[in-house]
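The values are calculated or read from the model by the stated rules, or taken from the named source; none is laboratory data. This one's a predicted model, so the numbers in the text were calculated from it and none came from an experiment. Don't worry about glycine lacking a Cβ; one is built from the backbone with ideal geometry, like all the others, and counts go over all protein chains shown. Accessible surface is based on the protein model in full, side chains and every heavy atom, while ligands, DNA and RNA are left aside. Shrake-Rupley method; radii C 1.70, N 1.55, O 1.52, S 1.80 Å.
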Amino acid sequence: MQAALMYGAGDVRIETVAQPVIQEPTDAIVRITAACICGSDLWPYGSKPATAEGARMGHEFVGIVEELGTAVTGLSVGDFVIAPFVTSCGVCDFCREGLQTSCRVGGRWGGTHDGGQGQFARVPHASGTLVRVPAGFDETLIPSLLSLSDVMSTGYHAAKKAGIRPGQAVTVIGDGAVGLSAVIAAKLMGASRIILMGRHKSRTDLGREFGATDVVAERGAEGAAKVRELTDGDGTPVVLEAVGLKDALVTAAAVVRDGGVISRVGAPQFADVPLGFPEFLRNITLTGGVAPARAYIEELLPLVLDGTINPGRVFDRTTDLAGVPDGYQAMAGRQALKVLVKPQP
Ligand SMILES: [Zn+2]
Ligand SMILES: [Zn+2]
């Protein structure tokens, strides 16, 4: 079968790799009908040192169950399933608490494991990992179902961890797919005002359709001043940070109201958190983290199926596997917001 491998920064190739087979009785083999390139894939795409061995890529996919190990329960061959961006057993203490990202035996996609950007994947702990779509395969729902793998669940996690209450004002930092999903989530949770900070007009326009009431294109101190101006100088009680850069967290601190919450879901590209004594004096809460998408898929799936939310609109380009290297380039160059990949011929 064919799959994408990253050999180093800017170097993604499509190659023939081993067809996956069942290795453990808890495995499933899934034929991937749709996958995508993630904003987080762009970090290694920009900085990964050159390697002799490529790393398999992609951690978001939907597909059809082809084969099941003997110990898999709750799934059948032919099921249309969503794979969250990490694998999880479904039975350990963390999985039962809904924190599947901390699963005792969970794992990641890609690297030396199968990834989403390929034709098939071996899915460890299939019963715990995969979510069956009760409506079955539906081509038109693919983009939104696929978004539940990661970006929509991650945006929702930001809003959940912030504990948004109906009527609250929320600032969302970042107009990437996660930021736009966070807008959807804030609206779902009843935010009365959603200020979206982003400078790409086509993206912030989509953000307005998702529920953003205000857009601030300025960045840094200038952007923060703009948000404060919009909120009588106070800032908003909730800030959802969906970028992952230090500057974005500094901006978050500058636009959060005293006593408020910063919920961050942008994968941090820095080690030291820039929240010190001034934020201490203002009683700012920092929360967020990696999203247990598996916990949210079942909650969000009915909203996708009944059309309440349509997060699949974040995909603005579709390609086959051969077009994946170009897809990376387009996302890195900001010509594409999020690229959907159809790996089957
Ligand atoms: Zn992702
Ligand atoms: Zn577990």
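For segment 197-224, a residue qualifies if it is among the small types (Gly, Ala, Ser), surrounded by 15 or more Cβ atoms within 10 Å (Cβ to Cβ) and assigned to a helix (DSSP H, G or I), and the qualifying residues are Gly207, Gly223, Ala224. Taking every residue in segment 67-80 that is under 15 Å from Val133 (Cα atoms) and pairing it with any residue that is part of a loop (DSSP other than H, G, I, E, B), at least 6 positions away or on another chain, the pairs with Cβ-Cβ distances below 6 Å are Phe80/Val133; Phe80/Gly136; Phe80/Phe137.
Scan segment 241-283 for residues that are of a type outside the set (S, T, N, Q), open to solvent by less than 30 Å² (accessible area, probe 1.4 Å) and not in a strand (DSSP E or B) and jot them down. Listed by number, the residues that qualify are Ala242, Gly244, Ala248, Leu249, Ala252, Ala253, Val255, Val265, Gly266.
Among residues of segment 166-188 that are assigned by TED's automatic domain parsing to the domain that holds Pro268 and without any contact (Cβ under 8 Å) to a residue 40 or more places away in the chain, those with a beta-carbon under 7 Å from a residue that is of a type in the set (D, E, K, R) and open to solvent by 10 Å² or more (accessible area, probe 1.4 Å) at least six positions away or on a different chain give the pairs Asp175/Arg203. The helices (runs of 4 or more DSSP H) found wholly in segment 70-152 and carrying at least 1 residues that are more than 25 Å from Val243 (Cα to Cα) and within 16 Å of ligand 2 (Cβ to nearest atom) occupy 93-96, 126-129.
Within segment 234-257, the only residue that satisfies the criterion of being over 23 Å from the mean Cα position of the chain (by Cα) and among the hydroxyl-bearing types (Ser, Thr, Tyr) is Thr236. Taken over segment 46-56, the criterion of being open to solvent by 30 Å² or more (accessible area, probe 1.4 Å) and either closer than 19 Å to Val341 by Cβ or assigned to a helix (DSSP H, G or I) (or both) is satisfied by Gly46, Ser47. Among the residues of segment 1-41, those identified as within 16 Å of ligand 1 (Cβ to nearest atom) and open to solvent by 30 Å² or more (accessible area, probe 1.4 Å) are Gly39, Ser40.
What is the residue count in segment 122-149 for residues that are closer than 17 Å to Val30 by Cα, without any contact (Cβ under 8 Å) to a residue 60 or more places away in the chain and under 21 Å from the mean Cα position of the chain (by Cα)? The number of residues fulfilling the criteria is 2.
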